Amino acid sequence: MLTLSPSLGKVPPMDALEKEILLSREVIAKRVQELAASISRDYEGSELIVIGILKGAFIFMADLIRHLTIPCRIDFVRLASYGANQESMGKVIITKDIETSIKDRDVLVVEDIIDTGYTLSFLVDWLKERNPKSLKVCTLLDKRGRRKTPFEADYVGFSIDNFFVVGYGLDFDENDRNFADIYALKPLMGGKKK
Ligand code: PRP
């Protein structure tokens, strides 16, 4: 796992005043392949149900599953969290449930980023009530220093500091999800959720 801090991972910025690339598409692609290889090894001989958390995880999940060498089925869940500002305060609700039975199945939840940990803590408890055979979590990005509740993912692409990041599925006010690279927004560095 790579750890990125403000002094690492920089390449020449596309727009130095507003954002700079934190993780290039090449760096992301290599790490996604590594994660898929680990997951394929760990689940060899079984079929996996991969559950993506909308919307942020959709690009990461699409790339990840195409590198899996084991059979898999996919589903999606969508959650909403509520708080006074951009930061979750721990109240999470399901706004779109999965449509697949996960009872006695191996389940892998795929997330784009973990911040406070509230979303995944809630979702893991929610899914465990359906008695999966196993349940693991894979996140592309992990802001470990931001946890408000303890949560450890089983597979982590990159640990990052408190940048506000966009691209590769991650948004700023619903924009920028389509960027192929992941950018840190400079004016918001250190201040906000993602
Ligand atoms: C983001 C992200 C995670 C969650 C992480 O989702 O995709 O699901 O926040 O935050 P937490 O660890 O503090 O709970 P967001 O609510 O922004 O929705 P999106 O995926 O549609 O962008």
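The values are calculated or read from the model by the stated rules, or taken from the named source; none is laboratory data. Predicted, not measured: the structure shown is a model, and the values here were computed from it. Neighbour counts are summed over all protein chains in view; Cβ atoms, including those assigned to glycine, are modelled from backbone coordinates with ideal geometry. To get the accessible areas, we keep the full protein, side chains included, count just its heavy atoms, and leave off ligands, DNA and RNA. Shrake-Rupley method; radii C 1.70, N 1.55, O 1.52, S 1.80 Å.
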Open item on the list: Taking 25 °C and 0.890 mPa s as the conditions, I'd like the Stokes-Einstein D for region 88-194 in µm²/s, using the Kirkwood hydrodynamic radius from alpha carbon pairs.
Closed with: 165
Open item on the list: Is there a quick way to get the dipole size of region 25-162? I mean about its Cα centre, with the Cβ of Lys and Arg at +1 and of Asp and Glu at -1; what is the value in debye to the nearest 20?
Closed with: 200
Task: HN-Hα J in Hz across region 20-34 - Karplus 6.51, -1.76, 1.60, θ = phi - 60°, x for Gly and Pro - done: 9, 5, 9, 9, 6, 4, 5, 5, 4, 4, 5, 5, 4, 5, 5
TODO: Determine the relative contact order of region 25-162: mean sequence separation of Cα pairs under 8 Å and six or more apart, normalised by residue count, in whole percent.
DONE: 22
- [ ] Quick one: what are the phi-derived ³J(HN,Hα) couplings along region 39-45, Karplus 6.51/-1.76/1.60 with θ = phi - 60°, whole Hz, x for glycine and proline?
- [x] 5, 4, 5, 5, 10, 3, x
Task: region 102-194 - percent of accessible surface contributed by carbon and sulfur, probe 1.4 Å - done: 47
TODO: Take the Cβ-Cβ distance between Asp173 and Glu152 as r, set R0 to 30 Å, and report the resulting FRET efficiency rounded to the nearest 0.05.
DONE: 0.50
Open item on the list: I want to check the label-to-label distance for Lys30 and Glu44. Put each point 7 Å from Cα in the C-beta direction and report it in nm to one decimal.
Closed with: 2.5
Open item on the list: 5 Å is the cut-off here: which amide hydrogens, built 1.01 Å from N in the peptide plane, fall below it relative to Leu170, excluding neighbours closer than 5 in sequence?
Closed with: none
TODO: Set the Förster radius R0 to 25 Å, insert the Cβ-Cβ distance between Asp125 and Glu99 as r into 1/(1 + (r/R0)^6), and round the FRET efficiency to 0.05.
DONE: 0.80
Task: Farthest toward positive dipole pole in region 25-162 [+1 Lys/Arg, -1 Asp/Glu at C-beta], among Val107, Leu123, Gly90 - done: Gly90
Task: Where Cα atoms sit under 15 Å apart: lysine pairs in region 25-162 separated by 8 or more or lying on different chains - done: 6
Task: From phi via Karplus (6.51, -1.76, 1.60), per-residue ³J(HN,Hα) for region 105-111 in Hz, x at Gly/Pro - done: 10, 7, 10, 10, 8, 10, 10
